[in-house]
Amino acid sequence: MRARLAILATPIVAALIGIAIGVGIAALLGAPPGRFLALLIGQTLGSGYGFGQVLFRATPLIFTGLAVVLPFRAGFFNIGAEGQMAVGGFAMALAGIHLHALPGPWLWIACVVAAALAGGAWGAIAGALKARTGAHEVIVTILLNFIAAALINYVLNRWYALPETVRTAEIGAGAWMPRASAAIPFFRGSGLSAAFVFALAVAAGCDLLLLRTSLGFALRILAGGPRRARYARLSPSRLTVVALSGGGALAGLAGASYILGYKHYFEEGFTGGAGFIGIAVALLARNRPAAVPASALLFGILSQGGLAVNEIVPREIVDLVVAIILFMYIVLDSKAREGTWRWISS
Amino acid sequence: MDLILSFLAQIARIAVPYAMVAVGGCLSERSGVVNIGLEGILLNSAFGTAVGTITTGSSAFGILCGVMSGGATALLHALVTVRARADQIVSGLAVNLASVAGTRALLKVLYASASNSPRITETPLGALPGFSVLGPLGETIGQPLFLAAVGICVLAERGLLHSGAGLLVRAAGERPGALEASGYDVPRVRTLAVVAGGGIAGLGGAWLAFQQNSFTDGMSGGRGYIALAAMIAGKWRPGAAAAACIVFAAAEALQIRLAGRGLSTQFLNMIPYLVALAVLAGWVGRATPPAALGRPYRRGTEEA
């Protein structure tokens with residue numbers, strides 16, 4: 001039991017220190033700590049609408065968190081979730097527009113498959129380059145984020161953008177996922193939808209895949225290096241492509257969840273940094289798929305809380321808090337690994 | 001003739017921030033510390049330059065502020081990765097996230113704007129007299145700030161690859177255990193290299209701010225990442241990395257010219273990143289990074 005608590009200590013302490021420093025910065029800018037916290041917590045966890053918004057913002061973060069976790073468990077660092085999410089969301093919107101005549105459930109399936117395939121293909125580029133040429137996936141996925149943005153911008157403006165906008169038409173209504181407020185009045189007005197349940201199901205699926213299947217086992221062996229994988233008669237290059245395209249597919253689903261559940265069309269910049277926050281989500285979940293939803297919830301609170309505190313301080317303070325949490329987490333984690341501080345565990 | 005000279009001048013102007021970040025990156029990574037945070041360092045130093053120049057009216061002081069901002073941001077990265085031995089890639093990403101958020105928040109606080117600072121009216125010293133024979137090219141490459149950038153590239157190449165201090169930096173990145181066995185302090189060498197690299201990248205940020213005559217939100221625009229690709233293409237050697245930056249800058253200058261001829265701007269925007277990706281994907285052959293790159297060093301834990 002004590003060991004279990006110690007595992008939780010690093011993420012929780014990092015989050016608390018991050019928020020405490022955020023309160024301090026806000027105070028420097030003239031916002032009373034009490035008022036800052038009241039807005040940050042009260043407007044997120046204090047009402048049905050606020051809590052619904054938190055879950056709504058956590059939904060894509062669950063997917064992008066998983067998009068980082070899956071490749072990481074195979075030994076790869078996917079910084080490309082932002083671009084993969086955009087590519088997946090865009091491909092899905094195109095499917096939803098062109099196939100709008102399909103009956104509801106089939107259209108939904110077509111949309112989800114399109115998002116996963118497109119995001120997966122974008123991730124596979126990094127995987128193939130890594131396997132073939134050894135180009136480091138970190139810098140490659142970062143560059144692919146920029147290429148994705150430029151490519152989508154081009155196709156969107158050339159063929160799909162509505163006049164004077166940077167968005168597409170709406171996708172067929174048959175694919176929309178029901179909003180929570182329709183069934184549960186508690187969440188009235190919030191953006192929460194069935195996409196959240198879909199995200200939880202995918203997280204559970206990833207947990208099973210990684211920990212209970214032979215493919216998951218093979219991926220985890222690869223994390224020990226290509227030589228170990230070859231010794232187990234596995235193909236490192238094939239598994240590399242699988243790991244990174246799997247991450248890309250999950251990020252593609254992040255785009256799908258946002259558009260199917262809330263927005264109903266693709267708009268440039270809709271990812272809003274969710275791909276990068278996914279890295280923080282994965283870290284604080286200690287790269288365990290089952291812990292990703294809880295971690296995404298924390299960053300959902302911060303993301304919604306940023307909008308709440310914006311009336312007294314610039315909302316970027318909350319992004320600074322996310323950065324500080326990252327710094328604190330990796331420092332605490334390194335101390336835990338080295339055994340410097342016994343009350344935390346790696 | 002003037003057309004060619006002004007095209008070359010454009011390449012030179014684009015190459016400066018790339019080269020400064022790439023050279024700064026060489027310093028950091030040859031000492032064993034991966035620095036993805038150079039993107040944020042570039043942004044912070046452009047911000048520091050703009051604020052310093054606008055506040056005091058002195059471009060020289062602004063440049064100093066830019067270099068200091070770059071060095072200070074790099075120091076944060078060094079404290080986290082070298083002293084606390086935390087993950088280098090995550091720290092770099094956190095630096096970038098904090099830089100975007102921090103500069104945006106400060107823009108609002110200092111200038112009540114979400115997007116840009118006021119115009120920078122002070123400009124740094126213009127071209128030295130002897131360069132006027134080169135016309136538009138001379139106006140760019142004759143500027144003391146440009147000459148300083150060239151000087152830094154030369155110094156870094158000589159210093160890192162052919163001097164005693166450079167040997168210590170490279171040893172910290174290749175065989176830190178051996179460096180310590182020779183009586184040197186590995187964390188100190190790494191910290192100094194990372195901070196110096198940040199200061200050099202800061203000069204690139206200063207150049208960027210003066211080029212655009214103001215600070216605009218997110219103005220680093222991925223340049224730091226492209227420069228890191230150039231650093232790898234240059235196999236972690238400052239001179240070769242700077243040369244790769246000139247190639248990337250030429251591709252970008254060409255893109256700007258083509259965009260003026262009716263080709264889709266959005267499509268052309270991909271070019272710098274595609275070129276960087278193509279170069280990384282083995283066109284330059286497999287580059288071998290420093291042996292201890294990315295590995296935190298803890299006293300007495302490594303074989304000499």
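So how far, in whole Å, is the C-alpha centre of the stretch B:146-178 from the one of the stretch A:275-346?
Spelled out, the Cα-based centre of one part sits 36 Å from the other.
Could you compute how fast the stretch B:70-122 diffuses translationally, taking Rh as the Kirkwood radius over C-alpha pairs and applying Stokes-Einstein at 20 °C with viscosity 1.002 mPa s? Give it in µm² per second.
D = 170 µm²/s.
Give the residue list of GluC sites (Glu not before Pro) in the stretch B:143-227 that are DSSP loop and have at most 15 other beta-carbon atoms within 10 angstrom.
The qualifying sites: there are none.
Around residue B:157, under 12 Å between beta carbons, what's the net of Lys plus Arg minus Asp minus Glu among the other residues?
Summing Lys and Arg as +1 and Asp and Glu as -1 gives +3.
Answer with one residue from A:180, A:149, A:289: the one whose Cα lies farthest towards the positive end of the charge dipole of the stretch A:58-300, charges on Cβ with Lys, Arg +1 and Asp, Glu -1.
A:289
Once every DSSP H run of n ≥ 4 in the protein assembly as shown is given -39500 (n - 2.57) and the sum is divided by its residues, what mean residue ellipticity at 222 nm do you get, rounded to the nearest 500 deg cm²/dmol?
Counting only the DSSP helices, I get -22500 deg cm²/dmol.
Quick one: work out Rg over Rh on the C-alpha atoms of the stretch B:94-190, Rh as Kirkwood radius.
Over the Cα atoms of the stretch B:94-190, Rg/Rh equals 1.18.
Evaluate the Debye formula for the stretch A:58-300 with equal point scatterers sitting on the alpha carbons, no solvent, and hand back log10 of I(q)/I(0) at q = 0.08, 0.10, 0.12, 0.15 Å⁻¹, in q order, two decimals.
-0.28, -0.44, -0.63, -0.96
Give the Kirkwood hydrodynamic radius (Å, one decimal) of the stretch B:213-303, defined as one over the mean of 1/r across all pairs of different Cα atoms.
Result for the stretch B:213-303 stands at 15.3 Å.
Let me know the longest stretch in chain A that avoids all GluC sites (Glu not before Pro) found in a DSSP loop with at most 13 other C-beta atoms within 10 Å.
It runs A:1-163.
Please state the Cα pair-distance histogram of the stretch B:148-211 with 10 angstrom bins from zero: what percent is in each bin?
Reading the bins upward from 0: 21, 44, 25, 9, 1.
Normalized C-alpha radius of gyration of the stretch B:147-304, against 2.2 N^0.38 Å?
1.23
Whole percent per 10 Å bin, from 0 to the bin with the longest distance: what is P(r) over all C-alpha pairs of the stretch A:162-273?
Histogram of Cα-Cα distances, whole percents per bin: 12, 30, 26, 19, 11, 2.
Please check chain B for the longest run free of trypsin sites (Lys or Arg not before Pro) that are loop-located per DSSP (anything but H, G, I, E, B) and have at most 14 other Cβ atoms within 10 Å.
Result for the longest clean stretch: B:120-260.
Considering only B:41, B:181, B:233, whose Cα is most displaced toward the positive end of the charge dipole of the stretch B:2-283, charges sitting on Cβ of Lys, Arg (+1) and Asp, Glu (-1)?
B:181
Could you work out, residue by residue across A:315-327, how many beta carbons of other chains sit within 10 Å of that residue's beta carbon, and then give the average as an integer?
Per-residue shielding by partner chains comes out at 6.
Just the number, please: Stokes-Einstein D of the stretch A:241-346 in µm²/s, Kirkwood Rh from C-alpha pairs, 10 °C, 1.306 mPa s.
Rounded to a whole number, D works out at 101 µm²/s.
From the Cα gyration tensor of the stretch B:1-147, with a ≥ b ≥ c the square roots of its eigenvalues, which class applies: rounded if a/c is under 1.5, or else prolate if a/b is larger than b/c, or else oblate?
Note, shape of the stretch B:1-147 comes out oblate.
Which of the trypsin sites (Lys or Arg not before Pro) found in the stretch A:209-284 are in a DSSP loop and have at most 10 neighbouring Cβ atoms, other than their own, within 10 Å?
Those satisfying the criteria are A:233.
Put +1 on the Cβ of every Lys and Arg and -1 on every Asp and Glu Cβ in the stretch B:78-212; which of B:194, B:128, B:100 then has its Cα farthest towards the positive end of the dipole?
Most positive-ward Cα: B:100.
What's the magnitude of the charge dipole for the stretch A:58-300 around its Cα centre, counting Lys and Arg as +1 and Asp and Glu as -1 at the beta-carbon? Answer in Debye, nearest 20.
Roughly 1020 debye, rounded to the nearest 20.
List the DSSP H helices in chain B whose Cα atoms stretch 30 Å or more along the helix axis and whose mean Kyte-Doolittle hydropathy is at least -0.5.
B:2-30, B:88-111, B:186-212, B:238-259
For chain B, with a Gaussian network of springs between Cα atoms less than 10 Å apart, report the residue from B:49, B:191, B:121 with the top mean-square fluctuation.
Result: B:121 has the largest fluctuation of those listed.
Please quote Rg/Rh for chain B to two decimal places, taking the Kirkwood radius as Rh and restricting both calculations to Cα atoms.
That ratio is 0.98, to two decimals.
If a/c stays under 1.5 just call it rounded; otherwise compare a/b with b/c (prolate if a/b is bigger, oblate if not). Do that for the stretch A:124-208, with a ≥ b ≥ c from the square roots of the Cα gyration tensor eigenvalues.
oblate
From the Cα gyration tensor of the protein assembly as shown, with a ≥ b ≥ c the square roots of its eigenvalues, which class applies: rounded if a/c is under 1.5, or else prolate if a/b is larger than b/c, or else oblate?
Judged from the Cα gyration tensor, the protein assembly as shown comes out rounded (a/c under 1.5).
We did not get these values from a lab; they are worked out from the coordinates using the rules stated. This one's a predicted model, so the numbers in the text were calculated from it and none came from an experiment. Using ideal geometry, Cβ is built from the backbone for each residue, glycine included, and neighbour counts are taken over all protein chains shown.
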